[in-house]
Amino acid sequence: MYMEVVEPTATLVMKVGGKVFYLSLDDSPSADALFSMLEQGPFEAMFEDQGAWRSARFPGLPFDGDKAEGVAGELVLLGDGQIAICDGTAVPNAVRLAVVEYRPEEEILEAMGNGDVWVGLWLEWSERCQLLERIPHYVGIPRSSNVSNYRIEYLV
């Protein structure tokens, strides 16, 4: 039989100024907490212009993970309970939550624009399937019987 393993997989999605970006979550307690909160529903807020980043209040995340680098499109947790989107400038006292995948810096900066920007964060679910090796499934065969007299099914 083929054993098909279906595993639900979530991707973090961020909409900034009308453009959609897909992010790769960090492997940290802070990013795990963000994921858990977004499993309950999407987050939308006006991110205020702070010069080198745009930020909004997002209380309840533990401040624990790798130090942020400040690359454009990096989603970070600031020490005061805010999440921020970096514009390419280093952010002091910040923990990386996620980073935009497969998009050039210019596109991210264009979406952020100048000034405050409306941002949405949510999880997009899909299924990842994997077929394991083909194993015959013998229907109704006692262990001591001759297999040739019975029907063999391959389950997919």
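The values are calculated or read from the model by the stated rules, or taken from the named source; none is laboratory data. What you are looking at is a predicted structure, and each value in this text was computed from that prediction instead of being measured. Cβ atoms come from the backbone with ideal geometry, glycine included; neighbour counts cover every protein chain shown.
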Quiz item: Can you spot a residue in the range 42-53 that is among the polar types (S, T, N, Q) and under 14 Å from VAL117 (Cα atoms)?
Solution: yes
Practice problem: Filter the range 80-103 down to the residues that are closer than 19 Å to ASP32 by Cβ and among the small types (Gly, Ala, Ser), then identify the one that is surrounded by the fewest Cβ atoms within 10 Å (Cβ to Cβ). | Solution: GLY81
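Which one is surrounded by the most Cβ atoms within 10 Å (Cβ to Cβ), of the residues in the range 17-35 that are small (Gly, Ala, Ser) and either out of contact with any helix residue (DSSP H, G or I) (no Cβ under 6 Å at 6 or more places or on another chain) or part of a strand (DSSP E or B) (or both)?
ALA31
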Quiz item: Given the structure, is MET14 part of a strand (DSSP E or B), crowded, with 20+ Cβ neighbours inside 10 Å and touching a residue at least 60 places away in the same chain (Cβ under 8 Å)?
Solution: yes
Quiz item: If PHE47 satisfies every condition in (1) surrounded by fewer than 13 Cβ atoms within 10 Å (Cβ to Cβ); (2) in contact with a Lys or Arg (Cβ under 8 Å, 6 or more places away or on another chain) but one, which is the exception?
Solution: (1)
Quiz prompt | Options LEU38, LEU109; residue that is buried (at least 17 other Cβ atoms within 10 Å of the Cβ) and either more than 14 Å from the chain's Cα centre (by Cα) or in contact (Cβ under 8 Å) with a residue 24 or more places away in the chain (or both) | solution = LEU38
Quiz item: Using beta carbons and a limit of 7 Å, which pairs, at least six apart or on different chains, have the first residue in the range 61-88 and in a strand (DSSP E or B) and the second one among the aromatic types (Phe, Trp, Tyr)?
Solution: LEU77/PHE63; GLN82/PHE58; ILE83/PHE58; ALA84/TRP53; ILE85/PHE47; ILE85/TRP53; CYS86/TRP53
Quiz item: If LEU23 satisfies every condition in (1) in contact with a Phe, Trp or Tyr (Cβ under 7 Å, 6 or more places away or on another chain); (2) at pLDDT 90 or above; (3) aliphatic (A, V, I, L, M) but one, which is the exception?
Solution: (1)
